[in-house]
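This report concerns only the one structure given below.
Read-outs throughout are calculated quantities, based only on the coordinates presented, and are distinct from any laboratory measurement. Remember, it's a predicted structure, so these values are computed and weren't measured experimentally. Backbone-built Cβ (ideal geometry, glycine too); neighbour counts: all protein chains shown.
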Amino acid sequence: MFEQDNLIQLFNQYVVPWSIKILLAFLIFFVGQLIVKLVSSALGKVLSHTKLDTILIDFIKSLARALLMVIVIIAALDQLGVNTNSVIAILGAAGLAVGLALQGSLQNFAAGFMLLIFRPFKAGDFVEVAGVAGSVDKIGIFSTILHTGDNKQVIIPNGTIYSSNIVNYSARSTRRIDMIFGIGYGDDMRKARDVISSILAQDERVLKDPEPVIAVGELGASSVNFYVRPWVLTENYWAVKFDVTEKIKQAFDDNGISIPFPQMDIHWNKPAE
């Protein structure tokens, strides 16, 4: 009888309270998990109506989910009687250690976050970053992927990109083509100007506003150099540059205008005997 009373007392003193605590802890965990899922989903829907990049939205959702799950787990452990202050201190120390170990990765992460927020370029833009020129394939959290004109894939850490100059050739709808054409000192400059002007006028891709600039920009060592600067739509830049260069060379040949190569006159004086 005494042993039975002890078992009943033990059951009431330990089993019942701990069973309730464990049940409540599991309830907090599973209900909290459901709430976290609903909150992160609602956050994703709200952010999808903003101009934020999809990658950044997914990251914010994942980060919010992770932080909320930490809170849920701490609440469940607190229900079990675990000293959560110690757990938080351990998590803080672990986070500091991981941060020091992954300092470079965190720098790339922070830079990727800034790139996705401020959007100096987007997928499809032709850019020059960290000494590499190419089209942007993907902007990730830690790195950005480009493919160059000869179809090489280049993966650049975001920290390197954000700490250097960024040149976005696709940011504006129009671009100016800067070309230099040299003619001989004995050639007719007015005729050369008319030839260049005619070729630009015949190309429908050359914009009328702003008006192309054709000017004598330099009297070189072997040539009179014309600076030719037409404006075109950004997507027509290279096609117009190549076509105009070829057509001007052909037109100069047809009109007897020379394109001199570097040369040097040497005067030799024979010493008197």
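Checking the table LYS152/LYS247; LYS208/LYS241; LYS191/LYS249; LYS61/LYS152; LYS51/LYS152; LYS51/LYS138 against a 21 Å threshold on Cα-Cα, which pairs fail?
Listed pairs above 21 Å: LYS152/LYS247; LYS61/LYS152; LYS51/LYS152.
What's the local net charge at LEU200, with K and R +1, D and E -1, over the other residues with C-beta under 14 Å away?
So the environment of LEU200 carries a net charge of -1.
What is the order of VAL244, VAL195, VAL70, fewest Cβ neighbours within 10 Å to most?
VAL70, VAL195, VAL244
Expressed as cubic angstrom per residue, what is the convex hull volume of the alpha carbon set of the stretch 120-168?
Taking the convex hull of the Cα positions in the stretch 120-168, it is 62 Å³ per residue.
For LYS51, LYS247, LYS152, which order do you get if you count the other beta carbons within 10 Å of each Cβ and list the fewest first?
Arranged by neighbour count, lowest to highest, LYS51, LYS247, LYS152 become LYS51, LYS152, LYS247.
Give me HIS49, HIS147, HIS267 ranked fewest to most by other Cβ atoms within 10 Å of their Cβ, as a rough exposure proxy.
HIS267, HIS49, HIS147
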